[in-house]
1. Open to solvent by 70 Å² or more (accessible area, probe 1.4 Å) and either over 17 Å from the mean Cα position of the chain (by Cα) or within 17 Å of Trp139 (Cα to Cα) (or both), is that true of Leu87?
2. Which condition does Val119 not pass, out of (1) closer than 18 Å to Phe51 by Cβ; (2) without any contact (Cβ under 8 Å) to a residue 60 or more places away in the chain; (3) within 16 Å of ligand 2 (Cβ to nearest atom), if it passes all the others?
3. Could you say whether any residue in the stretch 129-140 is under 19 Å from Ala85 (Cα atoms) and outside any loop (DSSP other than H, G, I, E, B)?
4. Of Val79, Val60, which residue is in contact with a strand residue (DSSP E or B) (Cβ under 8 Å, 6 or more places away or on another chain), free of Cβ contacts under 8 Å to residues at least 24 places away in the same chain and more than 16 Å from ligand 1 (Cβ to nearest atom)?
5. Consider Pro7 carefully, then state whether it is open to solvent by less than 20 Å² (accessible area, probe 1.4 Å), outside any strand (DSSP E or B), in contact (Cβ under 8 Å) with a residue 24 or more places away in the chain and within 15 Å of ligand 1 (Cβ to nearest atom).
6. Name the pairs: first residue in the stretch 141-166 and open to solvent by 20 Å² or more (accessible area, probe 1.4 Å), second residue part of a strand (DSSP E or B) and among the charged types (D, E, K, R), Cβ to Cβ under 9 Å, at least 6 apart or on different chains?
7. Which residues, taken from the stretch 50-83, are under 20 Å from Lys112 (Cα atoms) and out of contact with any Phe, Trp or Tyr (no Cβ under 8 Å at 6 or more places or on another chain)?
Amino acid sequence: MSRPALPPGQRVTQDFPVLHLGDVPRSDPATWDFRAWGQVERPLRLTWQEFLRLPRTEVVADFHCVTGWSHLTFHWEGVLFSTLAGLARPRPDATHILVHAEGDYTTNLPLKDALEEDVLLAFKGDGHDLESIHGAPLWLVVPKKYAYKSAKWVRGVEFAGQEVLGYWEVRGYSSTADPWKEERYSS
Ligand SMILES: Nc1nc2c(c(=O)[nH]1)N[C@H]1C(S)=C(S)[C@@H](COP(=O)(O)O)O[C@H]1N2
Ligand SMILES: [Mo]
């Protein structure tokens, strides 16, 4: 059986709606950094220049917001989360991550899901540098989950030995957030 084009309860938008908490943060490439810490062998702090030297890849995927809109076939370019994890070397007891973005936005994932081959720290979308409103300079894109798992303005990732809920997950949204199973809210 072929996969339906849209997850249940979603509708297609042609544009790319802008949705986030708070103001668009200003970021300064001179002071920007990306950190990895917690249950890792090698905690990282990368400057923007160092980040740009990491191996790059491209991902084409659909983007599903829990409020019901889906933007189909978006083309991202960036660094695979698994590349970053390979540098930080999670310890055997690291089972989950908590993603940290500007302005205290957080979201959580099982490490296993974050290591999937389509989870990308993106700096380009559809061939252009990301716009500030869409997460520039760096957007952690997690296509197989509702979009609140895709943190804009991401600045770091904390590796943990247990699940630590993020901003929306604490407020009743699903921690697993699989659009195909319509996991919108925690039960
Ligand atoms: N830092 C941060 N990232 C975030 C959010 C947010 O509020 N803050 N909102 C999420 C939600 S709910 C959605 S739908 C997408 C929206 O991305 P867009 O505005 O680029 O379409 O960003 C996600 N990432
Ligand atoms: Mo969303």
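1. no
2. (3)
3. yes
4. Just a single option satisfies the conditions, and that option is Val60.
5. For Pro7, the condition - open to solvent by less than 20 Å² (accessible area, probe 1.4 Å), outside any strand (DSSP E or B), in contact (Cβ under 8 Å) with a residue 24 or more places away in the chain and within 15 Å of ligand 1 (Cβ to nearest atom) - is met.
6. These pairs meet every condition: Arg155/Asp33; Arg155/Arg35; Glu158/Arg35; Val164/Glu158.
7. Listed by number, the residues that qualify are Thr57, Leu80, Phe81, Ser82, Thr83.
The values are calculated or read from the model by the stated rules, or taken from the named source; none is laboratory data. Treat the numbers as computed from the prediction; the structure is a model and nothing was measured. Neighbour counts run over all protein chains shown; Cβ positions are idealised from the backbone, glycine included. Just the protein is used for accessible areas: all its heavy atoms, side chains included, with ligands, DNA and RNA removed. Shrake-Rupley method; radii C 1.70, N 1.55, O 1.52, S 1.80 Å.
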